[in-house]
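All remarks here apply to the structure that follows.
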Amino acid sequence: MPNPHLVFHHLGLAVRRPREATIFLSNLGYQLGETVFDSRQNVNLQMGTHATEPTVEIIWPGDTPGPLEGMLQRHLAGLVYHICYVTDDLTAALAEFENAGLRVVCVSPPKPAPLFGGCPVSFYNVIGIGLMEILE
């Protein structure tokens with residue numbers, strides 16, 4: 001049964017530098033928004049939207065080491081590393097996964113996200129699946 005508390009929002013693409021990612025997405029017809037620096041996560045962020053394709057968030061490191069360092073050392077070319085959903089009820093959304101038999105571990109509790117107007121975002125490792133961001 002589908003989780004009624006989650007709606008797809010975007011895919012997260014981690015890169016060392018944004019140049020190639022912006023050229024790639026622009027070539028596919030994406031419109032790119034302004035770059036936003038998130039000091040809480042020490043990352044730069046830029047959303048790419050498309051009329052018919054999924055939204056893509058480009059994420060690259062700030063000037064000092066941050067949460068992307070280890071991942072980008074293992075994946076030099078970058079990678080799609082998270083999927084983001086919007087929720088109307090975080091507690092209920094997480095409970096739905098547990099009721100379905102999935103193990104979900106919080107890796108970053110809710111905190112205001114500058115890219116999304118200060119709305120809280122949190123990150124979860126869905127064991128056996130990967131990283132999920134939830135935007136409230």
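Worth pointing out:
- Given +1 at the Cβ of Lys and Arg, -1 at the Cβ of Asp and Glu and no other charges, the dipole of segment 12-106 around its Cα centre is 440 debye to the nearest 20.
- Note on the chain: dipole from Cβ charges, positive end direction compared against 101, 114, 66; the farthest Cα belongs to 66.
- For the chain, the residue among 123, 91, 51 whose Cα projects farthest onto the positive side of the dipole built from Cβ charges is 123.
- Full extension of the chain segment joining residue 92 with residue 131 gains 12.2 nm, where the gain is 0.36 nm per residue of separation less the Cα-Cα distance.
- Max mean-square fluctuation residue, GNM over the chain, Cα-Cα springs under 10 Å, options 87, 35, 64: 64
- Between segment 1-36 and segment 53-79, the alpha-carbon center distance in angstrom: 12
- Helix-only [θ]222 nm of the chain, DSSP H runs n ≥ 4, -39500 (n - 2.57) each, per residue, nearest 500: -5000 deg cm²/dmol
- For 57, 69, order by how many other beta-carbon atoms lie within 10 Å, fewest first: 69, 57
- Note on residue 49 and residue 64: the extension gain reaches 2.6 nm, defined as 0.36 nm multiplied by sequence separation minus the Cα-Cα distance.
The numbers here are math on the coordinates, done by the rules we state, and not lab data. The structure presented is a predicted model; accordingly, all values stated were derived computationally and were not measured. Note: ideal-geometry Cβ built from the backbone for every residue, glycine included; neighbour counts use all protein chains shown.
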